[in-house]
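See structure below.
The values are calculated or read from the model by the stated rules, or taken from the named source; none is laboratory data. The structure displayed is predicted, hence computed values, not measured ones. Don't worry about glycine lacking a Cβ; one is built from the backbone with ideal geometry, like all the others, and counts go over all protein chains shown. Surface areas here come from the heavy atoms of the whole protein model, side chains and all, with no ligands, DNA or RNA. Shrake-Rupley method; radii C 1.70, N 1.55, O 1.52, S 1.80 Å.
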Amino acid sequence: MDNKEISQAVISRLPRYFRYLGELKNEGIERISSQELSDIMKVTASQIRQDFNNFGGFGQQGYGYKVEYLYEEIGRILGLDKTHNLIIIGAGNLGQALANYMNFERRGFLFQGIFDNNPKLFGTRIRNMVVRPMEEMESFIKENKIDIAVLTIPKASALAVAERLVKCGIKGIWNFAHVDLNVPDKIQVENVHLSDSLMKLIYNVNSVDDEWE
């Protein structure tokens, strides 16, 4: 694959391809055409071919795609052939839920630590981690070669914490705080606004209801 820039729209579809191909692989399906994949994913066959061509293409005309090979290649493109060390900032309900989600480890995302500023939580064990005070965050990041920080804290605290993470050399932030982070371009930020997703769902539900009235 060359070094041409891949659009974020294409990148955003890769995890979905990976998920569906994983399901096909588990079902024992060895080969699939772009049209068959289109029917399953509700993405046009042309779009699928264009997306894959950004990475050199993986199929053979008249034959289609080898499911296992394509699954492994997309996993490699997504970086899932490597392990990534993460910490969680915020040991509330959401932070604990993420820490307990086993599927992350299967994908190579290893939670190494969880931090909070509430003394009542210090020492609490969540899976294989003990909740640590925020004062220990910087040294922990350096000692454990942390790549990614997950923010599950109120937006009032998120900006200051993000600044500290930048100084620690963190590479990426998975941001569940309801605030836009001002960080250098070299640091990747993925914002997750749960309420936005719910509002989008409600809008679509109401739109369908209006059509039937």
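Total Lys pairs in the chain closer than 24 Å by alpha-carbon, pairs eight or more apart in sequence or interchain only?
Step by step, the pairs that qualify in the chain add up to 26.
What's the angle, to the nearest 10 degrees (0 to 90), between helix 8-26's Cα axis and the longest principal axis of the chain?
So the helix axis and the longest Cα principal axis differ by about 70 degrees.
Can you give me the Kirkwood hydrodynamic radius for the range 26-111, using every pair of distinct Cα atoms, in Å to one decimal?
Radius from the Kirkwood sum: 15.3 Å.
Please report, as a whole percent, how much of the solvent-accessible surface of the chain comes from carbon and sulfur atoms (probe radius 1.4 Å).
Its accessible area is 49 percent carbon and sulfur atoms.
Per residue, what volume in Å³ does the Cα convex hull of the range 87-186 take up?
99
Tell me the angle of helix 155-167 to the major Cα principal axis of the chain, expressed in degrees between 0 and 90 and rounded to the nearest ten.
Approximately 90 degrees, to the nearest 10.
Grab the alpha carbons of the chain, take their convex hull, and tell me the volume per residue in Å³.
Enclosed volume per residue, from the Cα hull, is 171 Å³.
Which residue, ILE32, ILE146, ILE87, has the most motion in a Gaussian network model of the chain that connects Cα atoms within less than 10 Å?
ILE32
Would you grab the residues whose amide H sits under 5 Å from the one on VAL150? Only those 5+ places off in sequence or on another chain, please, with H modelled 1.01 Å from N.
Excluding prolines and chain starts, which carry no amide H, the hits are ILE87, ILE88, ILE89, TRP174.
For the range 74-167, run through the trypsin sites (Lys or Arg not before Pro) and keep only the ones in DSSP coil with at most 14 other Cβ atoms within 10 Å of their Cβ.
Filter output for the range 74-167: LYS82, ARG127, LYS145.
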